[in-house]
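Since the structure comes first, as structure tokens, the remarks are kept for the end.
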Amino acid sequence: MKGTGKWLFIVLPLVLAGCSTKVSRVQSDSTIDLSGRWNDADSRLVAEQMIGECLGQKWLFKWDSQNKRPIVIIGTITNRSHEHISTEAFSKDIERALLNSGKVNFVASKAEREEMREEKSDQQENASAQTAKSLHEETGADLMMKGTLNSIVDQEGSDAVVYYQVNMELIELESNMKVWIGEKKIKKFVERTKTRF
């Protein structure tokens, strides 16, 4: 036991010397796939492709013929995949792609509206009459976009095929009619090699 302390001083630096961390700055829109799981690039690309398809369909002609931009709200996007996926981040990618197209207008989400209503209620008591924003003057949405994220994993040993399917639909709020349904699939082959020392 006496010699144990001496060996720790020799072995510990060798173990620590084998571990290093290197961090590099990369473009925020670059595609880096380390784990094979759903990531920011998947979210962004799926959102852009699905919204590009959505805005190229006939449902938009109704609004174009009236020289109006439809008002859209994002509803629930449900994660039914095998992994944790931030549906909030994906919703924002969808919202950004729709809004940046210049073809639709957006209203705030349910949670955002609640916060805005609290602020307007507070203004009724604490802001001047000239600057307080009116209650009951919100703009109603014409359409709601909803969706689901699903996945299937086929694994053998350390290798896996991961299949993602994103389904989105656009629904007219007044009639409850679905005016567009879209689907996007991503398939990844994840190959892990064992490191030998």
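Laid out as a table, the results:
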item	result
Charge sum, other residues only, whose C-beta stays under 15 Å from residue 149's C-beta, Lys/Arg counted +1 and Asp/Glu -1	+2
Charge context of residue 75, other residues only, Cβ under 12 angstrom, K/R +1, D/E -1	0
Likely footprinting exposure, 63, 180, 38, fewest C-beta neighbours within 10 Å first	63, 180, 38
Extension gain (nm, one decimal) between residue 153 and residue 123, 0.36 nm per residue minus Cα-Cα	5.6 nm
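Every number in this text was worked out from the coordinates using simple rules, so none of it is lab data. These numbers come from a predicted model, not from an experiment. A quick note on method: Cβ atoms are made from the backbone with ideal geometry, for glycine too, and the neighbour counts reach across all protein chains shown.
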